[in-house]
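The values are calculated or read from the model by the stated rules, or taken from the named source; none is laboratory data. Keep in mind it's a predicted model, so treat the numbers as computed, not measured. Because the Cβ atoms are built from the backbone with ideal geometry, glycine has one as well, and the counts that use them run over all protein chains shown.
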Amino acid sequence: MSQAQAKPAKRNKRARVIAETKIKYRVARAPKPPDPIIATELPRAVERIANALHPEKIILFGSHAYGTPTYDSDVDLLVIWDTDASRRERHWTVAQHLIPRVFALDLLVRTPTEIQSAMAKGDFFIDEIVTKGKVLYERSR
């Protein structure tokens, strides 16, 4: 067998391995049915934050809000809280009210002024959260 004949077989094998890997990746990231643990624990976590800190809003965003969570999806929350505390202190304070929790969490804590400023600057990330996210809590005025 000449060297020219061996190369196509090697390329075909490599292409097959790549295709199989892509299929495995797609299967692993396939949407999952709603998680009953998150469905029961997330409202409890939101209630703990709301009762303790009385934030302006708590918004769920990301795959859980948009109905497309996968098995490795975390819960994404934006807490809008009017306080003079530093960003680190705000995050730590809110996070303390989420202990214990049984789900992975990505937490953002911003003041109303920071949200307004981000929107005015055209921050697409904050804009998407505010416009497409699911409001889980809103303080009554």
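What helices (runs of 4 or more DSSP H), lying completely within the stretch 48-133, carry at least 3 residues that are closer than 24 Å to Ile37 by Cβ and within 15 Å of the chain's Cα centre (by Cα)?
Result: 63-66.
Take the residues in the stretch 96-141 that are among the hydrophobic types (A, V, I, L, M, F, W, C) and modelled with pLDDT under 95; name whichever of them is nearest to Ala52 (Cα to Cα).
Leu98
What pairs come out if I take residues in the stretch 62-78 that are in contact (Cβ under 8 Å) with a residue 60 or more places away in the chain and pair them with residues that are in a loop (DSSP other than H, G, I, E, B) whose C-beta lies under 6 Å away, six or more apart or interchain?
Pairs found: Ala65/Gly133.
A quick yes/no check of all residues on (1) surrounded by 10 or more Cβ atoms within 10 Å (Cβ to Cβ); (2) modelled with pLDDT of 65 or more:
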{"position": "Ser2", "(1), (2)": "no, no"}
{"position": "Lys13", "(1), (2)": "yes, yes"}
{"position": "Arg16", "(1), (2)": "yes, yes"}
{"position": "Thr21", "(1), (2)": "yes, no"}
{"position": "Glu41", "(1), (2)": "yes, yes"}
{"position": "Glu47", "(1), (2)": "yes, yes"}
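Looking at the stretch 113-125, I want the residues that are more than 15 Å from Ile59 (Cα to Cα) and have a partner that is surrounded by fewer than 10 Cβ atoms within 10 Å (Cβ to Cβ) and of a type outside the set (Ser, Thr, Tyr) with Cβ atoms under 7 Å, at least 6 apart or on another chain. Which pairs are those?
Close Cβ pairs satisfying both conditions: none exist.
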